[in-house]
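The values are calculated or read from the model by the stated rules, or taken from the named source; none is laboratory data. In this text, all values refer to a predicted model and were calculated from it rather than measured experimentally. Glycine also receives a Cβ, built like all others from the backbone with ideal geometry; neighbour counts cover every protein chain displayed. Quick note on the areas: whole protein, heavy atoms, side chains included, nothing else; ligands and nucleic acids left out. Shrake-Rupley method; radii C 1.70, N 1.55, O 1.52, S 1.80 Å.
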Amino acid sequence: MAAGSDSTAPEASEQGRAPVAMEKLVSLCAARGFIFASSEIYGGINGFWDYGPLGVELKNNLKALWWQRMVRERSDVVGVDASIVAHPRTWEASGHVDNFSDPMVDCRICKKRFRADQLDDIGPCSAQKGKAECDFTEPRNFNLMLQTQIGASADASQTAYLRPETCQSLFTDFKRVRESARQKIPFGIAQIGKAFRNEITPRNFTFRSREFEQAEMEFFCHPSEREKWFEYWRAERLQFHLDIGLSPDRIQNRPHDDDELAHYAKAAVDVDFHFPFDWQEIEGVHDRGDWDLSRHTEYSGKDLSITDEQTKEKFTPMVIETSMGVDRTCLALLCDALDEETLEDGESRTVMRFHPRIAPVKVAVLPLSKKIGEAAREIDATLRKHWNVFYDEAGNIGRRYRRQDEIGTPFCVTYDFESEDDKKVTVRERDTMNQDRVPIEGLVDYLRDRLEGDS
Ligand code: ATP
């Protein structure tokens, strides 16, 4: 007997995917253990999220691909892992203490707080049961940095900030890293880490959170090459998002208008993704000029300029920044992957169509019956040396396939009663639901080819 049948083939899946409803995604993420509210048993805490067993694999895959591409595969970028709390002067130099704020208003009736630039999106006043709109105070600036105190005793303590972006340490560490890693410009410093912003209105699931991760890279170059490198990194970062499987028609570059640019920036372009709620930024590529190094030189008194060995020219390097939101990109991957498909027999199935590079679980091992579980466990143990594998021997095989479809597992390996004799297993592919009979001996090579091949 071959592995369990799997309903009927998909009905013209090429017909194009409808955008997913956010509610459906949020509940699937919680039910399957991708992402759910932090401190859920206490009712959650607004703007903070936990990644479950599948979510952490998804996020780690994304971070590993970024690190591989941005650091390991290049000789001109090196990585660091800097502390979250920096010397408070850092945030004076960067301008965050004075300028990192959003205009906020309070409603005098319901007492809720809103971003003054987002009032168009809010509904009727919650205290008035839809009868009237809120009655707002005048806008006030609200600094988004989260503060903490350092030091054991109250009088000796010092106010510090949880970093609102990971990049500032890449500037403050510039000299040390350049010298210790023996780098010459043009070169970059990369980092992945947590950042914190006391967002006034966290919303759209993880899109705007108060704690999130960034994957940032600062590329230092000669002033005469800034345009060239900006264009290079713009194209390279767009390509990255295509390579992790985001649909080309849901991703675009959006150059900033002049009035959107930070005062020190010469150019900026966002990588925007078409979320169910809107086109929104998942990454920014910015030409920051010499603003950051010059400010840190001024505030620290340490010279961060460099001297060209040949021409003896002394200059402060220009900086091109690439700044990806890890959580926003994970959210884009989830939104893009989720699909509801109607099969020929009228049944529907939910499929997460992750690219195999990103899929949290690469292979599921499913013995047709618990009685032959022991042999299947051996296959499971072999595959685990290579990939993240899920073992499931409970219940009807069709339902087990559906569960794997829902979490985006590209391949299911079914060990059945014939496997004992012919030493073969059935490999079922997620998207087409096609099944192949594959010798157990060649299974690792077969899966490697299909998971890691260029397709
Ligand atoms: P936005 O305008 O949406 O607040 P931003 O322009 O302030 O974003 P940057 O400061 O350029 O964002 O940060 C770089 C990246 O960090 C963003 O592209 C985004 O992916 C991510 N990011 C920024 N703020 C948040 C947040 N509150 N929650 C999740 N990710 C964030």
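Computed quantities for the displayed model
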{"read-out": "From the options GLU199, GLU260, GLU227, residue that is modelled with pLDDT of 95 or more, among the acidic types (Asp, Glu) and either assigned by TED's automatic domain parsing to the domain that holds THR329 or within 18 Å of PRO317 (Cα to Cα) (or both)", "value": "GLU227"}
{"read-out": "Residue list for segment 71-95, restricted to those being of a type outside the set (A, V, I, L, M, F, W, C) and within 24 Å of the chain's Cα centre (by Cα)", "value": "ARG72, GLU73, ARG74, ASP76, GLY79, ASP81, SER83"}
{"read-out": "From GLU406, GLU344, GLU429, residue being over 23 Å from LEU242 (Cα atoms), open to solvent by 10 Å² or more (accessible area, probe 1.4 Å) and not assigned by TED's automatic domain parsing to the domain that holds SER247", "value": "GLU344"}
{"read-out": "Wholly enclosed helices (runs of 4 or more DSSP H) of segment 52-154 bearing at least 1 residues open to solvent by 30 Å² or more (accessible area, probe 1.4 Å) and under 24 Å from MET324 (Cβ atoms)", "value": "53-67, 96-99"}
{"read-out": "Residue list for segment 45-64, filter: within 16 Å of the ligand (Cβ to nearest atom) and not acidic (Asp, Glu)", "value": "ILE45, ASN46, GLY47, PHE48, TRP49, TYR51, GLY55, LEU58, LYS59, LEU62, LYS63"}
{"read-out": "Top-ranked residue of segment 264-319 - restricted to ones that are assigned to a loop (DSSP other than H, G, I, E, B) and among the hydroxyl-bearing types (Ser, Thr, Tyr), ranked as surrounded by the fewest Cβ atoms within 10 Å (Cβ to Cβ)", "value": "THR311"}
{"read-out": "Criterion: closer than 27 Å to ALA215 by Cα and either in contact with a Phe, Trp or Tyr (Cβ under 6 Å, 6 or more places away or on another chain) or hydroxyl-bearing (Ser, Thr, Tyr) (or both) - qualifying residue of ALA86, ALA93, ALA82, ALA190", "value": "ALA93"}
{"read-out": "Tally of residues being modelled with pLDDT of 60 or more and in contact with a Gly (Cβ under 7 Å, 6 or more places away or on another chain) across segment 1-28", "value": "0"}
{"read-out": "Count of residues meeting criterion [out of contact with any Gly (no Cβ under 6 Å at 6 or more places or on another chain) and within 16 Å of the ligand (Cβ to nearest atom)] in segment 283-327", "value": "17"}
{"read-out": "In segment 417-432, residue nearest to GLU374 (Cα to Cα) [restricted to those that are in contact (Cβ under 8 Å) with a residue 24 or more places away in the chain and not in a helix (DSSP H, G or I)]", "value": "PHE417"}
{"read-out": "Complete set of residues in segment 214-255 that are open to solvent by less than 40 Å² (accessible area, probe 1.4 Å) and assigned to a loop (DSSP other than H, G, I, E, B)", "value": "ILE244, GLY245, LEU246, SER247"}
{"read-out": "Flag for ILE189 being more than 16 Å from the ligand (Cβ to nearest atom), outside the structural domain of ALA82 (by TED's automatic domain parsing) and surrounded by 13 or more Cβ atoms within 10 Å (Cβ to Cβ)", "value": "no"}
{"read-out": "Pairs with Cβ under 7 Å, 6+ apart, first in segment 211-222 and among the aliphatic types (A, V, I, L, M) and within 13 Å of the ligand (Cβ to nearest atom), second at pLDDT 95 or above and open to solvent by 10 Å² or more (accessible area, probe 1.4 Å)", "value": "ALA215/LYS63; ALA215/ILE192"}
{"read-out": "Flag for GLN214 being at pLDDT 95 or above, out of contact with any Asp or Glu (no Cβ under 7 Å at 6 or more places or on another chain) and polar (S, T, N, Q)", "value": "no"}
